[in-house]
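These notes are about the structure you will find just below.
The values are calculated or read from the model by the stated rules, or taken from the named source; none is laboratory data. Given the structure is predicted, the values throughout are model-derived calculations rather than measurements. A quick note on method: Cβ atoms are made from the backbone with ideal geometry, for glycine too, and the neighbour counts reach across all protein chains shown.
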Amino acid sequence: MTSETPAKKDVKLSCRNVWKIYGEEPKQFFEAGNGAVESPVSLANTISNSNHIVANADVSFNVHVGEIFVIMGLSGSGKSTIVRCISRLVEPTAGEVLLDGEDVLKKSDAELIDIRRHKMGMVFQSFGLMPHLNVIENIAFPLKLQGVGERERCAQAERVIELVGLQGRESNFPNELSGGQQQRVGIARSLAVEPEVWLLDEPFSALDPLIRKKMQDEFLRIQSVLHKSIVFITHDFQEALRVADRMAIMRDGAIVQVGRPADLILNPVDDYVREFTRDVPWESVLCAADVAEAADGPLKGLGRVTADTPIDSLLGYLGENADGVAVEAADGSVIGVARAANVVKALANGYDTTPADVRR
């Protein structure tokens with residue numbers, strides 16, 4: 001599992017022991033008010049047995065600068081609630097949400113409005129476009145709320161229109177656009193304010209599969225240009241694999257496991273995570289570094305590949321070269337050796353260990 005204690009300067013957004021409880025007196029369970037408890041599972045059970053609903057239970061994670069952090073889980077797992085807690089569209093019951101080290105939950109209404117207008121961009125499954133405004137007016141609307149002059153906000157909106165590939169559609173109204181085009185307008189509107197943190201709650205789930213894949217490609221292209229700190233919500237593991245730098249899997253309002261996609265495939269913490277990863281095309285997700293082990297012999301004569309070389313491009317070579325291949329870090333140093341046996345051993349961790357019909 002990937003460490004959740006990176007260098008402090010690398011953390012843009014941090015959720016710490018966040019709880020969201022629905023009921024008549026949700027705060028009664030948190031006398032200290034900070035959400036940190038010795039036994040979150042026990043407390044969640046106590047709350048559930050007290051005519052309250054636990055939507056989020058002791059949720060903690062960090063989002064690094066420039067990282068796409070994906071949160072996924074089944075319907076009702078709490079993933080959409082936590083992204084709304086981050087922005088305080090839903091008020092958490094306890095815990096902390098730190099943006100650049102400052103607790104968003106302690107901000108006044110005026111400070112919160114300023115954060116939403118200048119530091120956070122939000123995109124949801126429903127496009128939420130205003131039907132009486134055309135494309136450029138929809139995109140420029142958040143800038144109008146900021147008090148930006150008409151000429152400046154139109155110029156900024158035009159820059160974002162180019163970024164999302166909507167040139168020529170500036171004067172169209174929402175009912176004149178396809179679903180994919182409407183979603184591009186929603187994305188452009190959230191980017192117009194140049195947010196530091198971008199929150200996306202299942203932004204592509206309402207789209208047809210082909211359009212959805214194109215929008216994922218577009219999203220990754222935009223991120224390669226802007227390098228935003230992103231929280232991306234999805235229930236689709238294949239989508240998560242495509243876009244995530246790291247990801248968290250939720251169940252019953254709690255975080256089950258956090259790590260890179262490869263970490264979850266190779267080392268699922270339980271059967272719930274293992275079920276998510278069971279049908280994943282692992283050979284296209286794992287890279288050489290994921291299966292490399294420390295060298296136990298001379299490296300002379302071994303082929304060499306970079307750490308990020310996809311495993312699917314190495315399978316043929318490893319099948320014909322029992323000694324494997326040396327795996328190099330970015331600086332040229334060798335971090336280990338990848339062999340066919342390493343690939344099999346690594347993958348075995350992601351499967352049920354119950355023996356098949358093996359004869360000796």
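What are the residue pairs meeting all of these: first residue in region 336-347, first residue part of a strand (DSSP E or B), second residue of a type in the set (Gly, Ala, Ser) and surrounded by 18 or more Cβ atoms within 10 Å (Cβ to Cβ), Cβ atoms under 6 Å, and 6 or more apart or on different chains?
These pairs meet every condition: 336/292; 337/324; 337/326; 338/288; 338/292; 338/324.
Quick grid of which residues meet (1) in contact (Cβ under 8 Å) with a residue 12 or more places away in the chain; (2) of a type in the set (D, E, K, R):
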| residue | (1), (2) |
| --- | --- |
| 103 | no, yes |
| 112 | yes, no |
| 116 | yes, yes |
| 123 | yes, no |
| 133 | yes, no |
| 136 | yes, no |
| 142 | yes, no |
| 147 | no, no |
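What residue, among those in region 282-323 that are of a type in the set (Val, Ile, Thr) and assigned to a loop (DSSP other than H, G, I, E, B), is surrounded by the fewest Cβ atoms within 10 Å (Cβ to Cβ)?
Our first condition is that a residue be of a type in the set (Val, Ile, Thr); within region 282-323, this holds for 285, 291, 305-306, 309, 311.
From what is left, the residues that are assigned to a loop (DSSP other than H, G, I, E, B) are 285, 309.
Working: 285: 20, 309: 17.
Going through the qualifying residues, I end up with 309.
Say we look at region 106-129 and pick out the residues that are surrounded by 18 or more Cβ atoms within 10 Å (Cβ to Cβ) and either hydroxyl-bearing (Ser, Thr, Tyr) or over 20 Å from the mean Cα position of the chain (by Cα) (or both); which of these is farthest from residue 139 (Cα to Cα)?
Only one residue fits best here, namely 115.
Looking at 232, 219, 204, which is the one that is closer than 16 Å to residue 71 by Cβ, without any contact (Cβ under 8 Å) to a residue 40 or more places away in the chain and not in a helix (DSSP H, G or I)? Before the answer, list the steps.
On the way: 232 fails: without any contact (Cβ under 8 Å) to a residue 40 or more places away in the chain; 219 fails: not in a helix (DSSP H, G or I).
That would be 204, the only listed residue that is closer than 16 Å to residue 71 by Cβ, without any contact (Cβ under 8 Å) to a residue 40 or more places away in the chain and not in a helix (DSSP H, G or I).
Residues of region 162-213 being loosely packed, with under 15 Cβ neighbours inside 10 Å and of a type in the set (Phe, Trp, Tyr), which ones?
none
May I ask you to say which residue of 354, 277 is modelled with pLDDT under 90, buried (at least 17 other Cβ atoms within 10 Å of the Cβ) and either on the phi < 0 side of the Ramachandran plot or not hydrophobic (A, V, I, L, M, F, W, C) (or both)?
On the way: 354 fails: buried (at least 17 other Cβ atoms within 10 Å of the Cβ).
Of the residues listed, the single one that is modelled with pLDDT under 90, buried (at least 17 other Cβ atoms within 10 Å of the Cβ) and either on the phi < 0 side of the Ramachandran plot or not hydrophobic (A, V, I, L, M, F, W, C) (or both) is 277.
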